[in-house]
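Visitor: Before anything else, here's the structure in question.
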């Protein structure tokens, strides 16, 4: 009896509060007419992921007991603070940082779950960022990843990134070209 009373209370509470009601179609259309016009921006940069050397930009922070025996390193988690540059040359102008984590989330292929914020530190978008979350099948020539949000100039961003490996060595260091198409 008590559980039933609590259930009715929560149903009443959820239906009585104004923020739980959905907008009708007319109000949505009005908002679209008065909201700021959306912009499509295309950005190109290079992502430098370095896991070796004295100053790596990405480090492994966790792994499952079976990860070392997995050909895909399934179950490993790494934290990254990777530089973003204008050209593939690591000494070219830095335009931002990719900060976040990625994990090996596939058993049959080298597939990373990427959860990174790409923070721009130079140029027109200095101080703004985009967030990319998705699967990165790094052995594919071109990978498409979703842009799921952003800050600053990219507030309410959505779009996609095309990633293609420019260079990689056999221990995991890589330079990846990114072409972003962002609606904001």
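What follows is calculated from the coordinates using simple rules that are stated; it is not laboratory data. It should be emphasised that the depicted structure is a prediction, and the values quoted were computed from it without experimental measurement. Using ideal geometry, Cβ is built from the backbone for each residue, glycine included, and neighbour counts are taken over all protein chains shown.
Table: residues versus (1) over 13 Å from the mean Cα position of the chain (by Cα); (2) farther than 30 Å from residue 38 by Cβ; (3) in contact (Cβ under 8 Å) with a residue 40 or more places away in the chain.
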residue: 65; (1), (2), (3): yes, yes, no
residue: 71; (1), (2), (3): yes, yes, no
residue: 85; (1), (2), (3): yes, no, yes
residue: 100; (1), (2), (3): no, no, no
residue: 133; (1), (2), (3): no, no, no
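Visitor: Now a separate question. For residue 180, state whether it is at positive phi and surrounded by 14 or more Cβ atoms within 10 Å (Cβ to Cβ).
Guide: Working: at positive phi: no; surrounded by 14 or more Cβ atoms within 10 Å (Cβ to Cβ): yes.
In short, no.
Visitor: Scan region 60-78 for residues that are surrounded by 12 or more Cβ atoms within 10 Å (Cβ to Cβ) and not in a helix (DSSP H, G or I) and jot them down. I'd like the intermediate steps shown before the answer.
Guide: Residues of region 60-78 surrounded by 12 or more Cβ atoms within 10 Å (Cβ to Cβ): 60, 62-64, 67, 70, 72-78.
Across region 60-78, the qualifying residues are 60, 62, 63, 64, 70, 72, 73, 74, 75, 76, 77, 78.
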